[in-house]
Amino acid sequence: MNRPEIIDESGDKYKYGFTTDIEADTAPVGLTEDIIRLISRKKEEPEWLLDWRLKAFEFWQTMQEPTWAKLSYDKIDYQSLHYYSAPKQKVAPKSLSEVDKNLLETYDKLGIPLKEQEALAGVVAVDAVFDSVSVATTYRAKLAEKGIIFCSISEAIKNHPDLVKKYLGSVVPYTDNYFACLNSAVFTDGSFVYIPKGVKSPMELSTYFRINAKNTGQFERTLIVAEDDSYVSYLEGCTAPQRDENQLHAAIVEIVVMNNAEVKYSTVQNWYPGDKDGKGGVYNFVTKRAACRGANSKISWTQVETGSAVTWKYPSCVLQGDNSVGEFYSVAITNNRQQADTGTKMIHIGKNTTSKIISKGISAGFSNQTYRGLVKVTPQADNARNYSQCDSLLIGTNCGSHTVPYVENRNRSAVLEHEATTSKISEEQLFYCQQRGIGEEEAVSLIVNGFCKEVMQHLPMEFAIEAAKLINISLEGSVG
Amino acid sequence: MSAPILEIEDLCAEVGGKQIIKDFNLTINEGEVHAIMGPNGAGKSTLSYVLCGKSGYKVTSGSVRFKGKDLLSMSTEERAREGIFLIMQYPVEIPGVPSTTFLKHAVNAVRQHQGLPELDTMEFLKMVREEGRKLGIDNEMLKRPINVGFSGGEKKRMEALEMTILKPSFAILDEADSGLDIDAMKVVADSVNALRDNKRAMLIITHFQRLLNYVEPDYVHIFANGHIVKTGDKHLAVELEQNGYAEYVKEN
Amino acid sequence: MPLLSDKTYLYTELAQEKGVVLPTPKTEAWKYTRLRDLLNTEYQLCPSTDKTGSLPPFEADVIHIGNGWVVGELPRIEGVSLSFITETMEKTQHPFALMNAAYLTQGLKIEISGKLKRPLLLNYFVVPEDKNYFYHFRNQIICHENSSAEIIEQFTYEGAVKSCYFANIVNEIRIEANAKLHHYKYQNEAFKANHIALHKVAISQSGEYESFCLQKGANIARNETEIALNGEGAEAVVNAAYMMNGWATLDTTTNIYHYVPHTKSSQLIKGVIGGTAHGVFQGRIHIAPNAIQTTGTQLHKAILLSDEAEIDVKPELEIFADDVKCSHGAASGELDKEQLFYMRSRGIGEEEAKQILINAYLTDTITQISDERVREWFKILITG
């Protein structure tokens, strides 16, 4: 029996950098119409979905990769990637006991127990996505009692085609942007959540994404629909093995929130960031958007971004329903040669809509980080309110921190406020900690965690502890 | 005869290229309380920052021994762990860091240095709450980010708490009474007096004699032109209060 | 020097002729300012005129510039050397500055070597006719070491205006060590006019640049300030106010580059926008690697008075050094209803109450103007 191996632990802090040796069913490299047909066939998809994929692919070929972000990376050769890789399994597992032991071990090692009895005693249900496919979803039966659908999107396409057809691409159309378009053509799996009217999910739902295969792009697609008066808190975690070449991850998350419904979406993004010289690491080009379609609906994005070599990500809120609320809480940490261009968009369309942006960026080493955000108030969005606060902390003299908010106001009754500050860790704070006996590195970590507090407190408890640890690991060696 | 705890010899130090401490000499023995008094702007605070190793405060010559060890080669935190505690004029705010979290990090850093096991959360909280209560610090205040939005009096109470639980062997009070009402000043004085024993020593840096009514010094030194120009007992402080510093400042 | 015959030019043709790349809606630096009206108009070079604009109510040394041409002889001013320029100081990628260099009407070299007692007023004035005219004027202002000066630019026009004209202004400003320049501007062009101005300022060690710009006129107007803080101790203040009730686009753009340690910049920009007008603010603070101990602050605030007024704002921090203090803030909204109600409850009419609030809102942009008479003048322009 093969065990997951740990690659090169010497001096590297990324503890998720191992690979799993598992037989995989992998499509040949390259991106053609045939590959898309192959993916669709392997997934036994209906005709309409294949057509949709092909239309996306056709459109994608007319598009240009965006260059407006403050990011520089080697050009991606889209023809050198695999677009499908799935762990080989003779028959689809009916229960967890049938899931490949290697996979279970992998998730165990990542701290994601897939055996229900171990999974935090019923607090979190997990959908585990390994490379391109979902390998296990826990607690389905318990959720089903409430009418909640929580499964991989592939299963949803088979078992709930009407729901998928109704909402897929309705928030992020394939024409939206280059990476979203690519995803629409080649997405392989992801999670699907449907919360029926009046239902509050009794537990946190969670997807755990893992890239394993070499030279494989990961294109998952998550769709969450919260019907009237429903509530769900959704968690997303990600890791990848340590590899010398860059891995592409171009995902989409679409969320639809109806009347009086609320969705909380939390991410701890810890894709492999590359080594200290910038070799390897994940390109994280993600489109996340929530449409608050119903009145009094609410979406709250919370993200802790510590991983990836290059991040391009702007979780957005389209506030269509009257009185709807959008929130974005973000901590982004870059160290070594990492680059991140991340932020949010708040589009106010309904009346009395409110949005809040709290962004905390920490740059260390030779990294560069940009907050990029848009607050847009359309002419009909009477009484829109936005408050944005973007604070950046610099650690060391070789990093960069940039803040680029766009504010577009077409309605005089809107009250929009934006504040941003950039500074280094205060000498006075460091001295105070050190004078009380706390070492420099520990003091920096205390101060940084304090700096991020406002965001971290929006994470579910277990996630917050994990995230605080990650922050410390990410900053190791950045002081002195 | 008690042993010396702090021995400062011919110390010269500068800030931003400007010499502030010149040929400074002072020995403090275990159990003693010394007060350094001097006019505003004479560089009294510089002395306390030099002793604590704050960056930007540069020692150009001389030596300082703390309990026989070379103090100047230690980092700020090492000095703190060895037992130096500075009560600051303006304790800084650290947003987002709850006071208990801060205290726990500090206590365990010092304990680790002393070879003691770390306190677990329950033990620690019990101890902090108990000591806090004695100083009029309730649990709510302990949960607030350290010093953030604290009144002058609350900040002093927090410092008194820090000192009480870190049990330093040498406390420096740097203008610890500035801007305080009588009650807040008493909190500081009481916690200092509570700590006072025949092993621990104190250095009180102050402009006014006021605090010395509450913490009675064994020696009073007048600081001017970068060093001590006169030494006396507590009566010197009273005299200074009446006659001012003028006659000492014009010395050279 | 001027080179155009009376041939009419479409601005885009001109650009093509000189190889200038004109901004499109996709050009980030011009993202919010729609230039269609400006670019699709045919222009002819302005003929000179003897007419001059009216003077502000304070004593000043005056240079009248009518239709882009200096009127009469250049004055003699103690501590100032004045001449016509023969070449531009440096290359630029700015599309309108390039155009200005290529089709310069006239330009002045203003060298300041003493401490000037009176402000120097550049009184721009346009006498429009039936044709669409444009002019390209440029000043090279050199403030020699230890000098100090106050330069005021006023842009006005004569009479009823049927045609559109286009004023394209470039100021190249060099402030040497310990020199001080106060630079104020009042832009009140005709409602169909277009006005683009670029102030390119380089400041040496301990030099000071303090500026204020009030924009009230034109159809499309952009006041762009680009500052390079090149010497330690250099300081820049860039304040501005804009107010518009028509349909204009008023753009205030700043780019402040801190290249060395111990430099300081501050910006306060406020606008009041009504009608179908469009306010634009883009401001960037850039801190170069190693430019430590730097302070850069920026605040933009705007009030929308009508349903169709629009405001677009893009403040930007671009920071490559750690030991810095930088901040920006942006706020937009309408007039405070509580304050309005309070004033009306005390018997003040609604319009008057609004006016009082607007005046109060804008006047803190001029508090840093040290010359009292100039400050008073701007106060009247804001309230009038």
Could you pull out every one of the helices (runs of 4 or more DSSP H) wholly within segment C:302-384 that has 1 or more residues that are within 30 Å of A:Thr421 (Cα to Cα) and among the hydroxyl-bearing types (Ser, Thr, Tyr)? C:350-363
Given the condition more than 20 Å from C:Asn223 (Cβ to Cβ) and part of a strand (DSSP E or B), answer yes or no: does some residue in segment C:292-299 qualify? yes
Here are some conditions: (1) surrounded by fewer than 22 Cβ atoms within 10 Å (Cβ to Cβ); (2) in a helix (DSSP H, G or I). B:Leu211 meets all but one. Which one does it not meet? (1)
Search result, residues across segment B:38-66 that are closer than 21 Å to A:Gly439 by Cβ and in a loop (DSSP other than H, G, I, E, B): B:Gly53, B:Lys54, B:Ser55, B:Gly56
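Take the residues in segment A:349-395 that are basic (Lys, Arg) and away from chain C (no Cβ under 11 Å); name whichever of them is surrounded by the most Cβ atoms within 10 Å (Cβ to Cβ). Give the steps one after another, and end with the answer.
From segment A:349-395, those basic (Lys, Arg) are A:351, A:356, A:360, A:372, A:376, A:385; that's our starting set.
From what's left, away from chain C (no Cβ under 11 Å): A:351, A:356, A:360.
Details: A:Lys351: 18, A:Lys356: 17, A:Lys360: 24.
Selected residue: A:Lys360.
Looking at the structure I just gave you, is B:Ser75 surrounded by fewer than 23 Cβ atoms within 10 Å (Cβ to Cβ), hydroxyl-bearing (Ser, Thr, Tyr), over 20 Å from B:Ser178 (Cβ atoms) and at the interface with another protein chain (Cβ under 10 Å from one of its Cβ atoms)? Walk me through it before giving the result.
Values: surrounded by fewer than 23 Cβ atoms within 10 Å (Cβ to Cβ): yes; hydroxyl-bearing (Ser, Thr, Tyr): yes; over 20 Å from B:Ser178 (Cβ atoms): yes; at the interface with another protein chain (Cβ under 10 Å from one of its Cβ atoms): yes.
Considered against the rule, which asks whether it is surrounded by fewer than 23 Cβ atoms within 10 Å (Cβ to Cβ), hydroxyl-bearing (Ser, Thr, Tyr), over 20 Å from B:Ser178 (Cβ atoms) and at the interface with another protein chain (Cβ under 10 Å from one of its Cβ atoms), B:Ser75 comes out as yes.
Have a look at C:Ala277, C:Ala331 and point out the one that is within 10 Å of chain A (Cβ to nearest Cβ) and over 20 Å from C:Leu181 (Cα atoms). Quick ask: steps written out before the conclusion?
Values: C:Ala277 fails: within 10 Å of chain A (Cβ to nearest Cβ).
That would be C:Ala331, the only listed residue that is within 10 Å of chain A (Cβ to nearest Cβ) and over 20 Å from C:Leu181 (Cα atoms).
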When every residue in segment A:436-473 that is buried (at least 18 other Cβ atoms within 10 Å of the Cβ) and more than 29 Å from the chain's Cα centre (by Cα) is compared, the one farthest from B:Asn108 (Cα to Cα) is A:Ala443
Within segment A:426-435, can one find any residue that is more than 30 Å from B:Val50 (Cβ to Cβ) and modelled with pLDDT under 95? no
By residue number, the members of segment B:125-143 that are closer than 18 Å to A:Tyr432 by Cβ and in contact with a strand residue (DSSP E or B) (Cβ under 7 Å, 6 or more places away or on another chain) are none
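A quick yes/no check of all residues on (1) closer than 19 Å to A:Asp25 by Cα; (2) modelled with pLDDT under 90:
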| residue | (1), (2) |
| --- | --- |
| A:Ile35 | yes, no |
| A:Leu38 | yes, no |
| A:Phe57 | no, no |
| A:Gln61 | no, no |
| A:Gln64 | no, no |
| A:Asp77 | no, no |
| A:Ser80 | yes, yes |
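When residues of segment C:202-218 are filtered for being farther than 24 Å from C:Lys379 by Cβ and either touching a His at 6+ places or on another chain (Cβ under 8 Å) or surrounded by fewer than 22 Cβ atoms within 10 Å (Cβ to Cβ) (or both), how many remain? Steps first, please.
Residues of segment C:202-218 that are farther than 24 Å from C:Lys379 by Cβ, as a first pass: C:202-207.
Adding the requirement that they be either touching a His at 6+ places or on another chain (Cβ under 8 Å) or surrounded by fewer than 22 Cβ atoms within 10 Å (Cβ to Cβ) (or both) leaves C:204-206.
Final tally of qualifying residues: 3.
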Identify, please: which residue in segment A:396-425 is surrounded by fewer than 22 Cβ atoms within 10 Å (Cβ to Cβ) and more than 7 Å from every other protein chain (Cβ to nearest Cβ) and is, among those, nearest to B:Gly96 (Cα to Cα)? A:Ile425
Selection over segment A:169-218 where residues are small (Gly, Ala, Ser) and assigned to a loop (DSSP other than H, G, I, E, B) yields a count of 7
The one condition in (1) assigned to a helix (DSSP H, G or I); (2) free of Cβ contacts under 8 Å to residues at least 60 places away in the same chain; (3) crowded, with 21+ Cβ neighbours inside 10 Å; (4) facing another protein chain (nearest Cβ under 7 Å) that A:Cys433 fails to fulfil: (4)
Which of the numbered conditions does C:Asp251 fail, given that it passes all the others? Conditions: (1) closer than 30 Å to C:Asn290 by Cα; (2) among the acidic types (Asp, Glu); (3) part of a strand (DSSP E or B). (1)
Mind checking which residues of segment A:159-168 are in a loop (DSSP other than H, G, I, E, B) and in contact (Cβ under 8 Å) with a residue 60 or more places away in the chain? A:Leu168
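Out of all the residues in segment C:295-324, which are among the basic types (Lys, Arg) and either farther than 30 Å from A:Asn398 by Cβ or more than 7 Å from chain A (Cβ to nearest Cβ) (or both)?
Correct list: C:Lys301 only.
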Output the residues belonging to segment A:449-480 that are over 21 Å from A:Tyr265 (Cβ atoms) and within 9 Å of another protein chain (Cβ to nearest Cβ). A:Asn449, A:Gly450, A:Phe451
Which ones in segment A:352-394 are more than 23 Å from the chain's Cα centre (by Cα) and in a loop (DSSP other than H, G, I, E, B)? A:Asn352, A:Thr353, A:Gly365, A:Phe366, A:Thr378, A:Pro379, A:Gln380, A:Ala381, A:Asp382, A:Asn383, A:Ala384
The lone exception for B:Met141 - which of (1) part of a helix (DSSP H, G or I); (2) within 12 Å of the chain's Cα centre (by Cα) it fails: (2)
Hey, among A:Phe179, A:Phe187, which residue is at pLDDT 95 or above and either of a type in the set (A, V, I, L, M, F, W, C) or in contact with a helix residue (DSSP H, G or I) (Cβ under 7 Å, 6 or more places away or on another chain) (or both)? A:Phe179
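Can you tell me which residue within segment B:177-201, out of those that are of a type outside the set (Asp, Glu) and farther than 18 Å from B:Arg157 by Cα, is surrounded by the most Cβ atoms within 10 Å (Cβ to Cβ)?
Step one: list which residues in segment B:177-201 are of a type outside the set (Asp, Glu), which gives B:178-180, B:182, B:184-189, B:191-196, B:198-201.
From what is left, the residues that are farther than 18 Å from B:Arg157 by Cα are B:198-201.
On the way: B:Asn198: 10, B:Lys199: 12, B:Arg200: 19, B:Ala201: 25.
Among those residues, the one meeting the criterion is B:Ala201.
One line per residue, one yes/no per condition, for (1) more than 18 Å from C:Lys200 (Cβ to Cβ); (2) among the aliphatic types (A, V, I, L, M):
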{"residue": "C:Glu78", "(1), (2)": "yes, no"}
{"residue": "C:Ser81", "(1), (2)": "yes, no"}
{"residue": "C:Glu87", "(1), (2)": "no, no"}
{"residue": "C:Asn100", "(1), (2)": "no, no"}
{"residue": "C:Leu104", "(1), (2)": "no, yes"}
{"residue": "C:Leu108", "(1), (2)": "no, yes"}
{"residue": "C:Ile112", "(1), (2)": "no, yes"}
{"residue": "C:Lys115", "(1), (2)": "yes, no"}
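For (1) under 23 Å from A:Lys453 (Cα atoms); (2) within 14 Å of another protein chain (Cβ to nearest Cβ); (3) loosely packed, with under 14 Cβ neighbours inside 10 Å; (4) not basic (Lys, Arg), each residue gets a yes or a no:
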| position | (1), (2), (3), (4) |
| --- | --- |
| B:Glu118 | no, yes, yes, yes |
| B:Met127 | no, no, no, yes |
| B:Leu135 | no, no, no, yes |
| B:Met141 | yes, no, no, yes |
| B:Glu154 | yes, no, no, yes |
| B:Met158 | yes, yes, no, yes |
Find the residue count for segment B:211-252, including only residues that are touching a residue at least 60 places away in the same chain (Cβ under 8 Å) and small (Gly, Ala, Ser). 3
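For B:Asn147, state whether it is surrounded by 20 or more Cβ atoms within 10 Å (Cβ to Cβ) and part of a loop (DSSP other than H, G, I, E, B). Write out each step before concluding.
On the way: surrounded by 20 or more Cβ atoms within 10 Å (Cβ to Cβ): yes; part of a loop (DSSP other than H, G, I, E, B): yes.
So B:Asn147 fits the description; yes.
The values are calculated or read from the model by the stated rules, or taken from the named source; none is laboratory data. Source: prediction; values computed, not measured. So basically every Cβ, Gly included, is an ideal-geometry build from the backbone, and we count neighbours across all protein chains shown.
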